[in-house]
Amino acid sequence: MSATGYIQVRAYASTARFPLENVAITVTATDGTAIAMRLTDRNGLITPIEVPVPDKAESQEPEPGEKPFTAVNLYARLKGYEQIEAENLQVFADTTTNQDLEMIPLSELPGQWDQAEIFNTPPQNL
């Protein structure tokens with residue numbers, strides 16, 4: 001892996017798309033190794049996270065069985081909101097992967113205060 005890709009997150013409240021500040025964002029490799037942790041700012045954004053990825057040339061003509069991207073998992077937590085887990089996000093060389101996080105207030109889900117909403121991204125058909 002000799003290139004870099006990026007992940008940008010935008011967190012907002014579901015009812016009004018109101019930006020959420022201080023959402024704890026954690027990005028890990030699929031094996032659970034931490035890559036980065038960030039808090040969203042008052043605009044609901046984080047500083048983009050750099051992710052080591054395969055070289056761009058490998059994404060143009062990948063070898064059979066090889067992925068031309070790096071898959072990562074993303075976790076979002078904010079007190080009073082449903083937890084979000086986004087699994088297998090795909091990050092490509094010289095590209096920013098944008099991840100919108102629609103955070104649902106727990107007041108709308110009173111019986112689910114300790115559950116997470118999980119999104120799994122299937123591999124692209126390359």
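Worth pointing out:
- Candidate set: region 61-80, residues that are modelled with pLDDT of 90 or more and in contact with a Leu (Cβ under 8 Å, 6 or more places away or on another chain); chosen: the one farthest from Thr40 (Cα to Cα): Ala71
- A search for C-beta distances below 6 Å between a residue of region 81-105 that is farther than 12 Å from Val23 by Cα and any residue that is at pLDDT below 95 and of a type in the set (Lys, Arg), counting only pairs 6+ apart in sequence or on different chains, returns Ala93/Lys56; Asp94/Lys56.
- Filtered by the rule that a residue be modelled with pLDDT of 95 or more, basic (Lys, Arg) and over 14 Å from the mean Cα position of the chain (by Cα), region 1-47 gives a lone residue, Arg42.
The values are calculated or read from the model by the stated rules, or taken from the named source; none is laboratory data. Worth saying up front: this structure is predicted, and the values here are computed from it rather than measured. Glycine gets a Cβ as well: all are built from the backbone with ideal geometry, and neighbour counts include every protein chain shown.
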